[in-house]
Amino acid sequence: MKCIGIILITLFIGGCSGMTHVKPWEKERLSRDSMSNAAGNTLVSKFDAHVYFSKEASKGGGGVSGGGCGCN
Amino acid sequence: MQLATKLSLITCTLLTYSALQAEDYVSVQYVHYDEESGRTTVMAPALEISKDFGTDYTLKASIVADSISGASPTWYDSSSGASAFSRDTTALENITYNNVDYDDTRTAGSIALTTRFASRDELTVGYNRSYESDYESNELSAEYLYNLDRSRNRTLSFGLSYQLNRVLAKEYTSTNDRLRDDDDDDDDNYDSSSGASKALDVNVLTAEIGFTQILNATSLAKASLFFINEDGYLSNPYMNVVRYYNQNGNGTAEVKAENKPDTRTAYGLTLQYISALSDTLSANISYRFYNDDWGIDSHTINTELYYEYGDHWLLGGGVRYYVQSDADFYSDRKDYFTNEFYASSDRRMSDFDALSYRLNARYRVNDSWSINTGVTYYDQSKHFDAIYYTLGLKYYF
């Protein structure tokens, strides 16, 4: 699995190497809340993650900071 | 002409810079969570504040207080009453799989400081703490965001966190439960009448490396690999299994505490693509693969769609699909386990899939205030479904 993951990431980075160069003043659309997870509402995002963490056996992938809980 | 071009470029840059500046805010959210038939109800008010100090520092802090009541299903010896700690050798007719009532409160807080360097690379250092009557967790984390080009179109992130959790195992009967305990102080078991308790540690180390690429002015992609290592008391002190069911036809079985391995190592991969489909419509799709050495594989696909209606409304909806395989040591049968070392009937260790559907809306009242609301329905195949509502207010300053 590790190998597959590394290969996918390598292909992903390699595939991105020829991307358009976007200037800082062209990023207004990208900076809107609608382009973020849960529309930038981090408290709601945290609660969603908490529900999934307490009801499912998997976790991770959403950043290293999440905090522990006795719900699992 | 050249001067005019330069001036317009500077003006445009300043305007864009202003638009891209994160706003300081205070956010208050309330979540009400209900499982079917009132199995579990959670009320969770939360507060978050984010404040920039100049352009180089951002401080973010949050606090949440969960109030949980309801019941959790497990095996128990009903001749001793409906308690997760009703563990004994018992007659077959007394073995019951049912909900055991519980109440708890949890208070959790987090604080994180982001520092931006001259290169505009970022270092975020954070601390999380969570406290329940039978569980305590402290976590330190650090994440470094490295810009691979001057326009910040391509970034690498490196994250590392260490979590020390402490489980308070209470009310163990004196003879029937094996508590994970490797020291020699001969205190593995507790008599419920004494009220004794013992703290058992769980160490969690998480590492993640991520890559983000801005593809063009309307889309970006992210990928990450993560690693999680857990070490310590990973069983749930309230979960039981049944062993030696009617062995040799003696009409009895033993209700024992579950026993999960002391270590767990997991790897995973996430991929995400976010795109503006038009000036007012945005789509966000992500995939996660997870694998651990308990035998659990899972796949998660999450999609979100947002529509900006006029100057004030942001309307959103999403669907999430999750599927997992079962752990090597899981069975929900009462006639399955005999003397296997690892054994669990915790349904979260079983194979199942789950769908969740979300709708939410935010109304920006003016430059200083916004209100939001949402509803999420979560349906786990085989086991249960739940619905939760959010209501929030945000003040920008």
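Per the listing B:357, B:389, B:377, the residue uniquely part of a strand (DSSP E or B), farther than 12 Å from residue A:55 by Cβ, more than 12 Å from chain A (Cβ to nearest Cβ) and modelled with pLDDT of 95 or more is B:357.
Is it true that some residue in segment B:74-88 is more than 14 Å from every other protein chain (Cβ to nearest Cβ), of a type in the set (Val, Ile, Thr) and either crowded, with 16+ Cβ neighbours inside 10 Å or at positive phi (or both)? Within segment B:74-88, one or more residues are more than 14 Å from every other protein chain (Cβ to nearest Cβ), of a type in the set (Val, Ile, Thr) and either crowded, with 16+ Cβ neighbours inside 10 Å or at positive phi (or both). Would you confirm whether or not segment B:281-293 contains a residue that is surrounded by fewer than 19 Cβ atoms within 10 Å (Cβ to Cβ), within 9 Å of chain A (Cβ to nearest Cβ) and over 19 Å from the mean Cα position of the chain (by Cα)? Yes.
Every residue, every condition in (1) out of contact with any strand residue (DSSP E or B) (no Cβ under 6 Å at 6 or more places or on another chain); (2) within 30 Å of residue B:30 (Cα to Cα); (3) touching a residue at least 60 places away in the same chain (Cβ under 8 Å); (4) of a type in the set (Val, Ile, Thr), yes or no:
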residue: B:56; (1), (2), (3), (4): no, no, yes, no
residue: B:67; (1), (2), (3), (4): no, yes, no, no
residue: B:84; (1), (2), (3), (4): no, no, yes, no
residue: B:90; (1), (2), (3), (4): no, no, yes, yes
residue: B:113; (1), (2), (3), (4): no, yes, no, no
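When B:79, B:69 are checked against the criterion of being assigned to a helix (DSSP H, G or I) and among the small types (Gly, Ala, Ser), B:79 stands alone in meeting it. Residues in segment A:1-58 that are at pLDDT 90 or above, farther than 20 Å from residue B:284 by Cα, outside any helix (DSSP H, G or I) and not aliphatic (A, V, I, L, M): A:23, A:56, A:58. Checking each residue in segment A:18-65 for being facing chain B (nearest Cβ under 7 Å), closer than 18 Å to residue B:127 by Cα and buried (at least 19 other Cβ atoms within 10 Å of the Cβ) picks out A:43, A:47, A:60, A:63, A:64, A:65. Restricting segment B:301-326 to residues that are within 7 Å of chain A (Cβ to nearest Cβ) and closer than 27 Å to residue B:259 by Cα, the residue that is surrounded by the most Cβ atoms within 10 Å (Cβ to Cβ) is B:322.
Checking segment B:144-151 against the condition returns no match, with no residue being farther than 20 Å from residue B:49 by Cβ, facing chain A (nearest Cβ under 9 Å) and at pLDDT 95 or above.
The values are calculated or read from the model by the stated rules, or taken from the named source; none is laboratory data. Here the structure is a predicted model, which means the values were calculated and not measured. All Cβ positions, glycine included, derive from the backbone under ideal geometry; neighbour counts span all protein chains shown.
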